[in-house]
1. Part of a helix (DSSP H, G or I), farther than 30 Å from A:ALA167 by Cα and more than 13 Å from chain A (Cβ to nearest Cβ): is that true of B:GLU474 in this structure?
2. Being farther than 26 Å from B:GLU76 by Cα, at pLDDT below 95 and of a type in the set (Val, Ile, Thr) narrows it down to one residue among B:THR423, B:THR355; which is it?
3. Condition (residue is within 14 Å of another protein chain (Cβ to nearest Cβ), farther than 23 Å from A:VAL216 by Cβ, away from ligand 2 (no atom under 16 Å from the Cβ) and surrounded by 14 or more Cβ atoms within 10 Å (Cβ to Cβ)) applied to the range A:6-29: is it met by at least one residue?
4. Checking B:ALA369 against (1) crowded, with 24+ Cβ neighbours inside 10 Å; (2) of a type in the set (A, V, I, L, M); (3) under 17 Å from B:LYS290 (Cβ atoms): exactly one of these is not met. Which one?
5. Please specify each residue of the range B:427-460 satisfying the condition of being under 23 Å from B:ALA369 (Cβ atoms) and in contact (Cβ under 8 Å) with a residue 60 or more places away in the chain.
6. Which condition number in (1) farther than 17 Å from B:LEU257 by Cβ; (2) modelled with pLDDT under 95; (3) not aliphatic (A, V, I, L, M) is the one that B:CYS203 fails?
7. Please name all residue pairs, on different chains or six or more residues apart, with Cβ atoms under 9 Å, provided the first residue is in the range A:128-157 and is within 19 Å of A:GLY175 (Cβ to Cβ) and the second residue is in a loop (DSSP other than H, G, I, E, B) and among the hydroxyl-bearing types (Ser, Thr, Tyr).
Amino acid sequence: MLSIKNLSADVDGKPILKGINLEIGSGEVHAIMGPNGSGKSTLANVIAGRDGYEVTGGSVTYAGNDLLELEPEERARDGIFLAFQYPVEIPGVSNVYFLKAAVNAARKHRGEEELDAMDFLKLIRTKLKLVEMKEEFMHRAVNEGFSGGEKKRNEILQMAMLEPTLAVLDETDSGLDIDALKVVAGGVNALRSKDRSMIVVTHYQRLLDYIVPDHVHVLSGGKIVKSGDKNLALELEREGYGWVEQLAQAG
Amino acid sequence: MSSTASEIDRRISRDYKEGFVTDIEAETLPPGLDEGVINKLSDIKDEPDFMREWRLAAYQQWLEMKNPEWAHVNYEPIDYQSISYYSAPKSDADKPKSLDEVDPKLLETYDKLGIPLIEQQMLAGVAVDAVFDSVSVATTFKDTLAKAGVIFCSFSEAVKEHPELIKKYLGSVVPVADNYYAALNSAVFTDGSFVYIPKGVRCPMELSTYFRINASNTGQFERTLIIADEGSYVSYNEGCTAPMRDENQLHAAVVELVAMGDAEIKYSTVQNWYPGDENGKGGIYNFVTKRGACRGNNAKISWTQVETGSAITWKYPSVILEGDNSVGEFYSVALTNNYQQADTGTKMIHVGKNTSSTIISKGISAGKAHNAYRGLVRVTPGADNARNYTQCDSLLMSDECGAHTFPYVEVKNPTAKVEHEATTSKIGEDQLFYCKQRGLDEEDAVNLIVNGFCKEVFNELPMEFAVEAQKLLEISLEGSVG
Ligand SMILES: Nc1ncnc2c1ncn2[C@@H]1O[C@H](COP(=O)(O)OP(=O)(O)O)[C@@H](O)[C@H]1O
Ligand SMILES: [Mg+2]
């Protein structure tokens, strides 16, 4: 599904990722944990193809194709979704308009007919329930004036609408209280399926109580320093990140 | 649908004959300007003496005036002797018999915009008074309007049919000597639109005029006068397009609005005159004086403009708030690309008590273009409790373009409350990436963000006009992010 081999990348000429290896199979959920500044968001942005994140070595293969060849919008239409750590505000553009444009861009790419307003509304109502969002949110400008929790729910709503094959969730838990976290995790869990892989990026183990991963990787200093199952997350929680930083230095 | 369309065609053809100014042999006057040219113009139009004298007096004033130099625009001096001051369709065969013939270029542009003019404007119940070069050639839905007592005709026709209204109101808002271009227009204006809404009447449809420049080397000088009598309401839409041409062409219009007590005028403009090519060659000089007067209590005047065209735009639609509790509004989107220059804004002159004004200006600069907002808020000593809110936002699409804001505030009454907010931002890399990550390509992403930026202004436009404006922005911005 996704195969990352010896990937290194620079940001502003500074090496951040230093040889990442990661294999993700269909339907698998991988958690990536690591201290602040370890390169988690950088990895997410490289997968999504953001400008300014320069790949300096290695390869990324997605569904058998060279992912790094593709423009960000092509990756998106091919089923890669990034839930942003900091969702972006777009003043004056209603959420519903934005989502419709996104959904129809993907449908057009797949050679499907664009959804008309009625069908779209029907679809969106079922998805809104998933993240317990009120319909009035659809008529507000994209993320403008949303609370932290609302922004994160909105990301999951978009994910639910776009039905990606690979979802990268970048610190979807940050800034959420426990109730909001449960809602967001519930939404994510409902979207787990054998055809959908996920990379769940988080700083804290807490999220993984609710979204239970198949694999856990620890990122430090731009490298994956340890991989394991969900118990690795608990271990990290007990030992703290100082432990992995030692591991990184040792490796 | 099609039977309705042909019915409209039939009505237009008929009204067109009735609405046509006069059966003249006129062609294009040779270039040049002197008293003789003005007399000739007046002859061609078969004008009453008062009009001829008004023109000649204006010409004398203009001779004593100087080209203004304070605007934030640069251009070669205009040679007024090289301009022809009148042009009309030459023969009957050339005169349009139906809307399709009125303006094929215009229809083409609207096709490109995805809006069939006939369907969007006519079937939507919009009356069209199209100006083909200097002469009004098609006027529609006059019957419906006549029943309501509304007068909507070419300016030339109004001079003959309603001289008392012309004498009373012409120049009453924009005096002849107001500025250089207004004086020139007063001397040589050729045609335009006239609207009168009687007391208590809500105009039964949106009124709409399309102007376009046709013949080469012909300055176009429209004159528009709209009078909303007590308690009346009218919404007037003006759209402009011009074909490609290499020579710079002067467009110096004057628009005067008069709103009596409890009356409301909404004036919307979508302007996409030829902006010149990507090297800055050619394009229209758009030097326009637009002003409205709220003459009575509780009167309201709103200007909404979307300006995407012209090589140079110099335009400040203004409101004089004379009546107590009167309201002035200015909503503007000005987009400049390549070498386009725009210096636009508004003046809100508070005279009456409890008057309020709102200014929302959205400037978008791309390429090497410059865009300036220039606004004056004046509160005179008697204007107790005047309120103004001004918001100027600038969006930069490239590193080479510029945005400038020149707010002038003159407050002579201590009870006034004047607020001003301004922002300038480069189109956000984070916004673009967010859109792309959701599958939108760069162009769609730019359009989405720009349309969002302009939302507050588009909301003020009539529906069909808003759709047009949105598409125009998209066309104007093609490939402009850098
Ligand atoms: N746009 C950027 N410009 C410069 N440095 C950056 C940028 N983004 C990230 N970095 C740097 O890259 C490193 C990794 O950051 P990031 O991937 O955001 O870490 P994480 O998400 O794990 O907290 C940090 O040292 C950060 O300062
Ligand atoms: Mg991060």
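The values are calculated or read from the model by the stated rules, or taken from the named source; none is laboratory data. As the structure is a prediction and not an experimental result, all values here were calculated from the model. Note that each Cβ is placed from the backbone with ideal geometry, even for glycine, and that neighbours are counted across all protein chains shown.
1. Here the answer is yes, as B:GLU474 does meet what is asked.
2. None of the others qualify; the one that does is B:THR423.
3. no
4. With (1) crowded, with 24+ Cβ neighbours inside 10 Å; (2) of a type in the set (A, V, I, L, M); (3) under 17 Å from B:LYS290 (Cβ atoms) applied to B:ALA369, the lone miss is (3).
5. Correct list: B:VAL450, B:PHE453, B:CYS454, B:GLU456, B:VAL457, B:PHE458.
6. Here B:CYS203 meets the rest and fails (1).
7. That search, which allows pairs on different chains as well, returns A:GLY148/A:SER174; A:LYS151/A:TYR86; A:LYS152/A:THR172; A:LYS152/A:SER174; A:GLU155/A:THR172; A:ILE156/A:THR172.
Here is a yes/no grid of residues against (1) more than 8 Å from every other protein chain (Cβ to nearest Cβ); (2) over 16 Å from A:ILE16 (Cα atoms); (3) part of a helix (DSSP H, G or I); (4) hydrophobic (A, V, I, L, M, F, W, C):
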| site | (1), (2), (3), (4) |
| --- | --- |
| A:GLY57 | yes, no, no, no |
| A:ALA76 | no, yes, yes, yes |
| A:VAL88 | no, yes, no, yes |
| A:PRO91 | no, yes, no, no |
